[in-house]
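Below is one structure, written out as structure tokens; comments come after it.
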Amino acid sequence: MSKPHFDREHHVKKATGIGDPQCFKGEAGPAKFKVGDKVRIKDLPDIFYSRTQVYTRGAPATVAELVYESPAAEDESWDNTDNPVWFYSVVFKQKDLWPDYPDTFANDTVETELPERWLEPL
Amino acid sequence: MAEKHKPAPMVDEVSEFEVLEIAVRELAIEKGLFTAEDHQHWTEYMHTLGPLPAARLVAKAWLDPEYKKLAVKDGVKASLDVGVDWVNSMPTKFGTPSDYCNLRVLEDTPKLKHVVVCTLCSCYPRPILGQSPEWYRTPNYRRRLVRWPRQVLAEFGLQLPEDVEVRVEDSNQKSRFIVLPVRPEGTEGWTEDQLAEIVTRDCLIGVAVPRPGKTVNDPRPVRPAINPYKH
Amino acid sequence: MTDINPDKLKLDGEMETRNMDDSPIELLEKIKHEGRVWDDLSEQYGVDNPDPPWRITLEATCDMLADGYWATFNICKPKDERNTEQESKNLDAVERRWEEDQLVSQHYTDVPFPESQLLALAHTLIRRGLLNEKDLASRMAEVDQRLNSA
């Protein structure tokens, strides 16, 4: 029985000497969010692979930076690089993630990067 | 300088662990899991890595405001000035699934302190910081830092005032992170070399802050997680 | 805060039943109890290096075993020189790390790092059938003889 062959060469050709995620620059189209926008993290199903932490699901956050364009981890783990999206660095108030986080440290935050598909406007 | 001529001490004993490492590697190569050449190539590259370039990047940023702006805006470009090419230094010339080519330099201020973790696995900016320490890889650190950052930092000996915002950076996608700490008092007039010496690995991860005279990492707590680990 | 989706809990349960055999491995238990760790050796011989000389080599082995690393090198070769059978032999980096965490907490908690990483890697490879305990034992005897015969 012959095994299926997954050709990953396209990625090497594309990224060599340029870098990943740099090689996807300009491919995501216009960004839906800008710095300062309030967003909520969607609670999408992630049956096979995701890098969106469970603790962020459903929480409000603020866009801090548009960091790069890349396929989302959910696609790239299956070698699907057809749909690069914008990645945003978003900042959460600790209190919004963990309701019993002490009020004394109300300024404390968590920052992490997420692909556009996980964000909805708030 | 008689000491210079003394041969460096050596471990004159082969441990079972050393033997196990070689045996696992040889069998894996014979089974065709990878080739000896690729392994050697990669090992040689990894031996060149360590925290010094990142320490130098911070020292340069402390001395040169323009360079600091560049470092914060484009960490990959700023890395070139300390001898790290995120794209072409790597044997693959484009990164790997663990080492993507995006470095972000997180600038601390007197009112903002960054600390880095990867809650999902243990992503770490290896090209500019070398291998991650054991504690960084443990589930205990990865699970607890996001939820109880101040307690974890206190265990590392870092107690921060209430009015300082603690920002945990969870390294979960393609960026890798180093912290650019506040330049400590008592370093006025120091050279880049002097400054780089106090920027230890732990300062670059964010669990410590630089201090004059402090050039080594403290022994760090390594604790098992309380709940059994299941996936 | 939104409630946790009940389907997610169900999936977690399914993931748990996927757990592999977690019994101890005799050969590795023996090394765990009898092997001398770097902390002891370096103290006895007055060596400063905090890591054993094989740490980077071990790290490279883990990297090479990972899908991405393997694929990265393999795909650089012309198509007819590639070994496509390899596709099934790789060991994903995240899965290996998870297994390392689990095995260390279960069997190797008292072993310092990176000795614990090494035992966990050997354990993973044996229980996944990528290495065989007997082969490993005899290869270790061979390596031991080689290193100690100089």
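The values are calculated or read from the model by the stated rules, or taken from the named source; none is laboratory data. Not measured: the values here are computed from a predicted model. Reconstructed Cβ throughout: ideal geometry from the backbone, glycine too, with neighbour counts over all protein chains shown.
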Where in segment C:46-111 are there helices (runs of 4 or more DSSP H), lying wholly inside it, with at least 1 residues that are modelled with pLDDT of 85 or more and out of contact with any helix residue (DSSP H, G or I) (no Cβ under 6 Å at 6 or more places or on another chain)? C:55-65, C:93-107
Scan segment B:153-172 for residues that are buried (at least 17 other Cβ atoms within 10 Å of the Cβ) and without any contact (Cβ under 8 Å) to a residue 40 or more places away in the chain and jot them down. none
Which one is farthest from the chain's Cα centre (by Cα), of the residues in segment A:50-72 that are within 14 Å of chain C (Cβ to nearest Cβ) and among the hydroxyl-bearing types (Ser, Thr, Tyr)? A:Tyr55
Could you list, ordered by first residue, the pairs with Cβ atoms under 7 Å in which the first is in segment A:86-107 and under 27 Å from A:Glu69 (Cβ atoms) and the second is part of a strand (DSSP E or B) and aromatic (Phe, Trp, Tyr), at least 6 apart or interchain? A:Phe87/A:Tyr68
Examine segment A:41-49 for a residue that is within 13 Å of chain C (Cβ to nearest Cβ), of a type in the set (Lys, Arg) and within 24 Å of B:Trp148 (Cβ to Cβ), and state whether such a residue exists. no
Has segment B:92-107 got any residue that is more than 18 Å from the chain's Cα centre (by Cα), over 30 Å from A:Val12 (Cβ atoms) and of a type in the set (D, E, K, R)? no
Segment C:23-36 - residue that is in a loop (DSSP other than H, G, I, E, B) and more than 7 Å from chain B (Cβ to nearest Cβ) and, of those, nearest to B:Ala23 (Cα to Cα): C:Ile25
Going through segment B:1-52 in order, the residues found to be under 23 Å from C:Gln44 (Cα atoms), touching a Leu at 6+ places or on another chain (Cβ under 7 Å) and at pLDDT below 85 are B:Val11
How many of the residues in segment B:157-199 are in a loop (DSSP other than H, G, I, E, B) and out of contact with any helix residue (DSSP H, G or I) (no Cβ under 8 Å at 6 or more places or on another chain)? 15
List every residue pair whose Cβ atoms sit under 7 Å apart, with the two residues 6 or more apart in sequence or on different chains, where the first one lies in segment B:30-41 and is exposed (fewer than 12 other Cβ atoms within 10 Å of the Cβ) and the second, anywhere, is in a loop (DSSP other than H, G, I, E, B). B:Gly32/C:Asn83
Per the filter on segment B:189-207, residues closer than 15 Å to B:Ala54 by Cα and not charged (D, E, K, R) are B:Gln194, B:Leu195, B:Ala196, B:Ile198, B:Val199, B:Thr200, B:Cys203, B:Leu204, B:Ile205, B:Gly206
So B:Ala55 ticks every box in (1) within 14 Å of chain C (Cβ to nearest Cβ); (2) farther than 29 Å from C:Leu28 by Cα; (3) surrounded by 18 or more Cβ atoms within 10 Å (Cβ to Cβ); (4) small (Gly, Ala, Ser) but one. Which box is left unticked? (1)
Does C:Asp39 satisfy the criteria of being modelled with pLDDT of 80 or more, more than 8 Å from chain B (Cβ to nearest Cβ) and not in a loop (DSSP other than H, G, I, E, B)? yes
Taking segment A:89-117 and keeping residues out of contact with any Phe, Trp or Tyr (no Cβ under 9 Å at 6 or more places or on another chain), charged (D, E, K, R) and part of a helix (DSSP H, G or I) leaves A:Asp96, A:Asp103, A:Arg117
Taking the condition of being of a type in the set (Phe, Trp, Tyr) and farther than 22 Å from B:Arg56 by Cα, how many residues in segment B:153-181 meet it? 1
Looking at A:Asp96, A:Asp108 in this structure, which one is more than 14 Å from the chain's Cα centre (by Cα), more than 10 Å from chain B (Cβ to nearest Cβ) and not polar (S, T, N, Q)? A:Asp96
Please find, among B:Lys111, B:Lys60, the residue that is closer than 30 Å to B:Arg150 by Cα, touching a Phe, Trp or Tyr at 6+ places or on another chain (Cβ under 9 Å) and surrounded by fewer than 21 Cβ atoms within 10 Å (Cβ to Cβ). B:Lys60
Which of the numbered conditions does A:Lys14 fail, given that it passes all the others? Conditions: (1) surrounded by 18 or more Cβ atoms within 10 Å (Cβ to Cβ); (2) touching a Cys at 6+ places or on another chain (Cβ under 8 Å). (1)
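Residues are listed down the side, and each one gets a yes or a no for (1) at pLDDT 95 or above; (2) under 15 Å from A:Val91 (Cα atoms):
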| residue | (1), (2) |
| --- | --- |
| B:His114 | yes, yes |
| B:Ser122 | no, no |
| B:Glu134 | no, no |
| B:Leu145 | yes, no |
| B:Gln159 | yes, no |
Hits in segment A:30-51 - residues which are at pLDDT below 95 and closer than 29 Å to B:Asp99 by Cβ: A:Leu44, A:Asp46, A:Ile47, A:Phe48, A:Tyr49, A:Ser50, A:Arg51
